Amino acid sequence: MTDIAALVAALDLDEKAALTAGADNWSTFAVPRLGIPGIVLTDGPVGARGATADHESLTTSVAILSGTALGATFDPDLVAEMSAIVARQALDKGARVLLAPTVNLHRHPLWGRNFEAFSEDPVLSAKLAVAYIRGVQTQGVAATVKHFVGNEVEHERFTCSTDVDERTLRECYLLPFEHAVRHGHVLCLMTSYNRVNGEHVPDQARLLDEILRTEWGFDGVVMSDWWAMLRTADAARAGLDLEMPGPARSFGAALAAAVRAGAVAEADVDAKVRRLLTLLDDLGLLAGAHAGARTSSAGGEPGDPATATGQAADVPASLSVIPRPTERPQDRPEDRAALRRAAAQSMVLLRNEGLLPLDLAGLRRVALVGPRAEHPAILGGGSAKVRPHYRLSLPEILRARLGAGVEVLVEPGAGDTGRLAAASAARTADVAIVVVGTDEVLESEGYDRTTMDLPDDQDALVRAVAGANARTVVVVTSGAPVTMAWADETAALVQCFFAGQESASAIVDVVVGDAEPAGRLPTTLPLRLEHTPAFGNFPGEASHVRYGEGLLIGYRWYEARQLPVRYPFGHGLSYTTVAIGAPTLSSTRLGPGDRLRVEVPVTNTGARRGAEVVQCYVAPPGGGTARPGARLRPVQELRAFAKVWLDPGASTTVAFELGERSFAYFDAADDDWPELVARRPHEVHPPPPPAAHRSVSGWYVDPGSYELRIGRSSADIAHRAAVEVVGGDAPLDPGMLPD
Ligand code: BGC
């Protein structure tokens, strides 16, 4: 065990303050005299980008599935397997901190970074975040859960304020972070660019100190998003540890000056350094550290590493910028195979009128159509974009799979003439495969999409081809929902979220039936943009984004409003049929501190090996609508899920465990209310039930009969079972972990 307190004590104020900011874009300072190394950070989440911001000079990287595609797997173990691949690539590039996962929610389909995030559902996002972190940290790399919190728009992202009530924050947007900290033991967290309720997140003691550190017990490193910090003393007191990138603007020398001016306690700086050193220690990087004698930070000599690197004049000469690591990324054959398998498991078969998997017997000619047919989009843009080791050609893979006896006509179908080139090719073919979608330019960090419609007349192309050949499969490659007004005109429709470097092989695997399309929708596909929950409150006005839909994100909105959707959350077809049997409950009553075990028998009743995602929703008493004296509850909320793979005829039992948090809501409480009532005893009559006005905030469980709904999507519920929940007037123990 390294004596971290002794190391902190061996540093003087200027050295400590300098350590609280990056040394450069991608690393922290080393203190050679104490054997403290610098540490290299890299983006995430689909690969290890490496130590440059300039895309063209990036070394190549593995490109795993983007967030939405990982979300579509509904498979924590697979997500952990994928993120471990990214972590190994980070090690190849000399990095020990990965800036991932992104756990913001799909609040609006046009958010530019939807593709990076897992889902519209907080619980699915939370469980996959924990899995992602596990995969990374088991490789000896620190994960960085980001962006804390309310970072769901790119427009004016440095200034916009996410205006949101605390209940919504707790139940939706904070939940994945809570899991990442309390279950995932994530080592680092990145604050977001935006403000929350008017105040920048790096400056918010409420979020950083009270909720993150005190309530959840986070003792890892809180870093700023790149250039997000503005205020020295506020952020220092709120609990931010590391300003990124360097050279420092708000911390570093400015932090030392703030301590000297009495605006920040030196103990706060010590705590930041202690947390940074603890991170290094957790990663095994302090083996050579020794708390030597305290020397003056001004003691740099000519020829000393600090002086030699020519670092900023206000950085103590005893600190040094570490040399940029040599990056030796490996393109591992085993990664290719794993990515191909995972990509297929993320594909969502939205519709299938019996065309898929293709019957290869008698197949003579295939028309492969669309601007994305040669190279389907595999990732999104911005800091999440890597230079993949390779790009696959879909026609080549299809030809290789179908063999010389099958002709594959490739038609991009661009423009009016191209669309007519495409329709006639489709007419002469046995099957048409249309690949449409967005790409890394349309879906990117830094800006939002302006329309949910496919670009470049691709809708017209789909219609032309589907009209020319009834045996048309459409594959949509996008990171977020697109309008699919033509969906019912297709014989089969596959949603391929940005599925990484093996997307093209996985598309072929799914279409010909070599692989099961085992994905389920992690986000609702709406009929129209105008139906979506945040419509009217996105991208906000005058740098304020009002989360006016509150708790009703995603399917919660469509269900509460009884709005039809194109395809519901959780939906996805299979090439086999799976029967979900009636659940068995360990008890029909849930008392304080109890845990409920729910067992669900599942049988593959079809002729092929296949997958099912068994989903468990909880519906509150009274159907979830807001009544006077009661709180709004969503109609139902996903609380657990499990993916199973079964051979034909095989059965298994899926088990879920639910505790009180699965039935609870957050009450932010209202300190003023008792006084208001005391002053107006006659107007507030009859007195509302105590649960309607609490003065202690926390998680509460209302008593009553709840329904467990077991199904294969939010709209396809196979079984319902009642549970009598005892609940009560007292808040749950804040130490109770979320399920
Ligand atoms: C992004 C972060 C990213 C950082 C470093 C920021 O612009 O918001 O997600 O980790 O840059 O590239």
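Coordinate-derived values only; no laboratory data. Fair warning: this is a prediction, and the values are worked out from it, not measured in the lab. Positions of Cβ are backbone-derived with ideal geometry, glycine not excepted, and every protein chain shown enters the neighbour counts.
With Cα atoms defining each centre, the range 712-739 and the range 562-594 are spaced 13 Å apart in the structure.
Are there GluC sites (Glu not before Pro) in the range 672-729 that DSSP marks as loop and that have at most 15 other Cβ atoms within 10 Å, and which are they?
Working: sites: Glu675, Glu683, Glu707, Glu724; in loops: Glu683.
Taking the range 672-729 and a limit of 15 other Cβ atoms within 10 Å, the loop GluC sites (Glu not before Pro) found are Glu683.
Rounded to the nearest Hz, the phi-derived 3J(HN,Hα) couplings of the range 376-382 under the Karplus curve 6.51 cos²θ - 1.76 cosθ + 1.60 (θ = phi - 60°) are x, 5, 10, 8, x, x, x, where x marks glycine and proline. Residues in the range 590-605, backbone N under 11 Å from the label point at Ala579 (7 Å along the Cα-to-beta-carbon vector): list them, ranges by number please. The answer is 602-605, whose backbone nitrogens lie closer than 11 Å to the label point. Under a 5 Å amide H cut-off, with hydrogens placed 1.01 Å from N, Val654 pairs with Val600, Val602 among residues at least 5 apart or on other chains. Each listed q (0.10, 0.11, 0.20, 0.26 Å⁻¹) maps to a log10 I(q)/I(0) for the range 155-236 from the Debye sum over equal C-alpha point scatterers, namely -0.23, -0.28, -0.96, -1.48. Between Asp729 and Trp645, the simple label model (points 7 Å from Cα in the Cβ direction) yields a spacing of 5.3 nm. Place a label point 7 angstrom from the Cα of Leu360 along the Cα-to-Cβ direction, then list the residues of the range 372-400 whose backbone nitrogen is under 20 Å away. Backbone N within reach: 393-400. Here Asp3, Asp225, Asp430 are placed in order of increasing Cβ neighbour count within 10 Å, fewest first, which gives Asp3, Asp430, Asp225.
Listed by chain and number, the lysines whose alpha-carbon sits under 26 Å from that of Lys127, ignoring those within fewer than 8 places in the same chain, are Lys146, Lys385, Lys643. The phi torsions of the range 65-76, fed into the Karplus equation with coefficients 6.51, -1.76 and 1.60 and a -60° offset, translate into couplings of 5, 6, x, 5, 5, 4, x, 5, 6, 6, 9, x Hz, rounded to whole numbers, with Gly and Pro shown as x. Placing pseudo-labels 7 Å out from each Cα toward the beta carbon at Arg679 and His531 gives an inter-label distance of 4.6 nm. Estimated from the Cβ-Cβ distance and a Förster radius of 35 angstrom, the FRET efficiency linking Arg324 and Ala205 is about 0.45.
Length gained on full extension, Trp227 to Arg597: 128.5 nm, using 0.36 nm per residue less the C-alpha separation. The calculated FRET efficiency for Thr451 paired with Met1, based on their beta-carbon distance and R0 = 56 Å, is about 0.50. Taking the fewest neighbouring Cβ atoms within 10 Å as the starting point, the ordered list for Ser662, Ser66 is Ser662, Ser66.
Dividing the convex hull volume of the alpha carbon atoms of the chain by its residue count gives 164 Å³ per residue.
Compared with the direct C-alpha span, the chain from Ala313 to Thr588 gains 92.2 nm at full extension, assuming 0.36 nm per residue.
Give, in nm to one decimal, the length gained when the segment between Arg249 and Asp165 is fully stretched (0.36 nm per residue of separation minus the Cα-Cα distance).
Contour length minus Cα-Cα distance gives 27.1 nm.
Give the residues of the range 444-487 whose amide nitrogen is closer than 15 Å to a point set 7 Å from the Cα of Glu56 in the direction of its Cβ. Counting only backbone N, you get no residues. Tell me what the chain gives for mean residue ellipticity at 222 nm when only DSSP H runs of n ≥ 4 count, each as -39,500 (n - 2.57), the sum divided by the residue total, rounded to 500 deg cm²/dmol. About -7000 deg cm²/dmol.
Taking amide hydrogens as placed 1.01 Å from N in the peptide plane, the amide H of Arg49 sits under 5 Å from those of Asp43, Gly44, each at least 5 positions away in sequence or on another chain.
For Leu368, the amide hydrogen comes within under 5 Å of the amide hydrogens of Leu409, Val410, Glu411, Ile433, counting only partners 5 or more places away or on other chains and with H modelled in the peptide plane. Taking every pair of alpha-carbon atoms in the range 1-155, what share in percent sits in each 10 Å bin, from 0 to the bin with the longest distance? In whole percents, the pair-distance histogram is 11, 34, 31, 17, 6, 0.
Between Ala722 and Ala287, the C-beta separation translates, for a Förster distance of 60 Å, into a calculated FRET efficiency of about 0.55. Take every pair of alpha-carbon atoms less than 8 Å apart whose residues are at least six positions apart; their mean separation over the length of the chain yields a relative contact order of 15 percent. Between Asn197 and Ala607, the modelled labels are 6.0 nm apart [label points 7 Å from Cα along Cα→Cβ].
Only beta bridges with both residues in the chain are counted; by DSSP, about 55 percent of them are antiparallel.
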